[in-house]
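Novice: I'd like to ask some things about the structure below.
The values are calculated or read from the model by the stated rules, or taken from the named source; none is laboratory data. This is a predicted model, so every value here is computed, not measured. Here Cβ is always computed from backbone atoms with ideal geometry, including for glycine, and neighbour counts include all displayed protein chains.
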Amino acid sequence: MVEYERGLGALLFAVAGDGSLSGVDGSVGDLDDIPVAVRLVRMTGEQFEDYRTTADAQYAADLVRSGTLSEVEARAKAAEEAARLLPDGLATEGHHFWTAYDGDLEVGMLWLQLTPTPTGLTAFGYDFLVHPQWRGRGYGRAILVAAEQACCDLGVAAVGLTVSGPNLSARHLYEELGFEVTAVRVVRQLW
């Protein structure tokens, strides 16, 4: 696992008339040249339930693939973690869930937890995804840019996240956007 953190600075963004936040691909230049823009809209209860079902199954599968837990243990751990992190589900204090849209097209989602610290309000990205059929089109970058603006609007001083070591495309994107590695966890399988 690799942990990243980024202090927040100015990036290109727009606020729509309905108050939803829009971020654009971090390209610099004429607005007509920007390939992708997204709006982050608060997740609905139905979207949240669909997300949690899928996310718990994916987390359990990741634990099994890592070789650290059996399938039964991994499913139990996923359920325990969800109950611990989100005791009130979508309404859990300090947690923010957004759905990312390009126009009316749902392209991904984002889950951040905001926590006061001695150095200011920080956000931790628990989950961020672009739906598989929309990957490789700039939506990941656009979601992160919109997320950064949302964090700035909420008074967040820094954003952190964790990414699995083999996810090189995500690591590359985070580093391009100015995230810095703050910790690296390594494992050597002995048997």
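Novice: Looking at segment 136-171, which of its residues are part of a loop (DSSP other than H, G, I, E, B) and closer than 16 Å to residue 110 by Cα?
Specialist: 138, 154
Novice: Further question: Only one of 49, 80, 93 is surrounded by fewer than 16 Cβ atoms within 10 Å (Cβ to Cβ), closer than 24 Å to residue 155 by Cβ, modelled with pLDDT of 90 or more and among the charged types (D, E, K, R); which?
Specialist: So the residue among 49, 80, 93 that is surrounded by fewer than 16 Cβ atoms within 10 Å (Cβ to Cβ), closer than 24 Å to residue 155 by Cβ, modelled with pLDDT of 90 or more and among the charged types (D, E, K, R) is 93.
Novice: Take the residues in segment 91-104 that are of a type in the set (Asp, Glu) and part of a loop (DSSP other than H, G, I, E, B); name whichever of them is farthest from residue 144 (Cα to Cα).
Specialist: Selected residue: 93.
Novice: Just give me the residues in segment 118-130 being in a strand (DSSP E or B), out of contact with any Phe, Trp or Tyr (no Cβ under 8 Å at 6 or more places or on another chain) and in contact (Cβ under 8 Å) with a residue 24 or more places away in the chain, in sequence order.
Specialist: If the condition is that a residue be in a strand (DSSP E or B), out of contact with any Phe, Trp or Tyr (no Cβ under 8 Å at 6 or more places or on another chain) and in contact (Cβ under 8 Å) with a residue 24 or more places away in the chain, then 120, 121, 122, 123, 124 are the ones that fit.
Novice: If residue 133 meets every condition in (1) over 21 Å from residue 102 (Cβ atoms); (2) free of Cβ contacts under 8 Å to residues at least 40 places away in the same chain; (3) in a helix (DSSP H, G or I) apart from one, which number is that one?
Specialist: Exception for residue 133: condition (1).
Novice: Which residue is modelled with the lowest pLDDT, if the candidates are limited to segment 145-171 and must be of a type in the set (D, E, K, R) and closer than 16 Å to residue 129 by Cα?
Specialist: Taking the candidates together, the pick is 171.
Novice: Conditions: (1) touching a residue at least 60 places away in the same chain (Cβ under 8 Å); (2) surrounded by fewer than 17 Cβ atoms within 10 Å (Cβ to Cβ); (3) part of a strand (DSSP E or B). Residue 107 meets all but one. Number of the miss?
Specialist: Unmet condition: (2).
Novice: If residue 184 passes every condition in (1) surrounded by 15 or more Cβ atoms within 10 Å (Cβ to Cβ); (2) of a type in the set (Val, Ile, Thr); (3) touching a residue at least 40 places away in the same chain (Cβ under 8 Å) but one, which one does it miss?
Specialist: Only one criterion is unmet by residue 184, namely (1).
Novice: Then there's this: Does residue 52 qualify as being charged (D, E, K, R) and within 25 Å of residue 167 (Cβ to Cβ)?
Specialist: Judged against the criteria, residue 52 is a match.
Novice: If you take the residues of segment 64-82 that are within 19 Å of the chain's Cα centre (by Cα) and of a type in the set (A, V, I, L, M), which of them is farthest from residue 44 (Cα to Cα)?
Specialist: By that ranking, first place goes to 78.
Novice: Scanning segment 165-175 for residues that are loosely packed, with under 13 Cβ neighbours inside 10 Å and small (Gly, Ala, Ser), which turns out farthest from residue 126 (Cα to Cα)?
Specialist: Looking at residues that are loosely packed, with under 13 Cβ neighbours inside 10 Å and small (Gly, Ala, Ser), I get 169.
Novice: For the structure I just gave you, tell me whether residue 68 is in a loop (DSSP other than H, G, I, E, B) and more than 21 Å from residue 144 (Cβ to Cβ).
Specialist: Numbers: in a loop (DSSP other than H, G, I, E, B): yes; more than 21 Å from residue 144 (Cβ to Cβ): yes.
Here the answer is yes, as residue 68 does meet what is asked.
Novice: Yes or no: segment 29-43 includes at least one residue that is over 17 Å from residue 107 (Cα atoms), surrounded by fewer than 18 Cβ atoms within 10 Å (Cβ to Cβ), of a type outside the set (Lys, Arg) and modelled with pLDDT of 95 or more.
Specialist: Checked segment 29-43: no residue is over 17 Å from residue 107 (Cα atoms), surrounded by fewer than 18 Cβ atoms within 10 Å (Cβ to Cβ), of a type outside the set (Lys, Arg) and modelled with pLDDT of 95 or more.
Novice: Also, I was wondering about something else. Take segment 172-190 and flag every residue that is in contact with a Gly (Cβ under 8 Å, 6 or more places away or on another chain) and closer than 21 Å to residue 129 by Cβ.
Specialist: Across segment 172-190, the qualifying residues are 173, 176, 177, 178.
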